[in-house]
Amino acid sequence: MVKVFFIQPDGKTIIEAKGAVGDSLLDVAQAHDIDLEGACESSMACSTCHLVIDAKDFKKLPQACEEEEDMLDLTFGLRPTSRLGCQVILTKELDGIRVHVPAETRNMLL
Ligand code: FES
């Protein structure tokens with residue numbers, strides 16, 4: 001299993017979660033009742049799965065594809081280490097990854 005630390009919007013509360021290799025960060029968040037909507041079911045059309053990755057962990061991720069970059073450009077509260085949670089897939093190397101849950105997201109489907 002791969003450990004994931006979700007830092008809640010208050011910046012203080014940290015939820016320790018676990019997922020399997022191959023799960024997305026969105027899958028893990030939803031399995032642990034973390035408030036991440038995922039309205040488009042991972043089709044890169046909503047941005048409600050926006051997460052901000054800790055800088056040191058961000059470097060371990062494969063680069064976002066063009067579609068993900070395009071959706072991130074429209075994401076509310078975009079940060080340099082923002083990613084779509086539905087597109088970040090767990091690997092063993094990501095064990096202990098720290099991700100920040102934004103206070104607000106924008107649903108591009110609406
Ligand atoms: S679930 Fe919609 S973009 Fe990730």
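The values are calculated or read from the model by the stated rules, or taken from the named source; none is laboratory data. What you see is a predicted model; the values in this text were computed from it and never measured. Every residue, glycine as well, gets a Cβ built from its backbone with ideal geometry; the counts of neighbours run over all protein chains shown. Keep in mind that these areas ignore ligands, DNA and RNA; they rest on the heavy atoms of the full protein, side chains included. Shrake-Rupley method; radii C 1.70, N 1.55, O 1.52, S 1.80 Å.
Here is how the numbers come out for the structure above:
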quantity: Gyration tensor verdict on the range 1-49 (Cα atoms; rounded if a/c is under 1.5, prolate if a/b is larger than b/c, oblate otherwise); calculated: oblate
quantity: Solvent-accessible area, 1.4 Å probe, carbon plus sulfur percent, for the chain; calculated: 49 percent
quantity: Vicinal HN-Hα couplings computed from phi for the range 79-90 (Karplus, 6.51 cos²θ - 1.76 cosθ + 1.60; Hz; Gly/Pro x); calculated: 10, x, 10, 6, 9, 7, x, 6, 10, 9, 9, 5
quantity: Distance between modelled label sites at residue 56 and residue 21, nm, 7 Å Cα→Cβ extension; calculated: 2.3 nm
quantity: Where GluC sites (Glu not before Pro) fall in DSSP loop in the range 69-110, at most 14 other Cβ within 10 Å; calculated: 104
quantity: Cα-centre dipole for the chain with unit charges at Cβ (Lys and Arg positive, Asp and Glu negative), debye to 20; calculated: 480 debye
quantity: Karplus-derived 3J(HN,Hα), 6.51/-1.76/1.60, for each residue of the range 69-76, Hz, glycine and proline x; calculated: 4, 4, 5, 4, 4, 9, 7, 5
quantity: Nonlocal amide H pairs with residue 18, under 5 Å, H built at 1.01 Å; calculated: 4
quantity: Two-site label geometry, residue 108 and residue 69: point separation in nm, points 7 Å out along Cα→Cβ; calculated: 1.4 nm
quantity: Estimated FRET transfer efficiency when R0 is 22 angstrom, pair residue 33-residue 79 (beta carbons, to 0.05); calculated: 0.35
quantity: Projected-area average for the chain over all orientations - Cα convex hull basis, square nanometres; calculated: 6.0 nm²
quantity: 222 nm mean residue ellipticity, helices alone, for the chain (DSSP H n ≥ 4; -39,500 (n - 2.57); rounded to 500); calculated: -4000 deg cm²/dmol
quantity: For the range 68-103 and the range 7-36, distance of Cα centres in Å; calculated: 12 Å
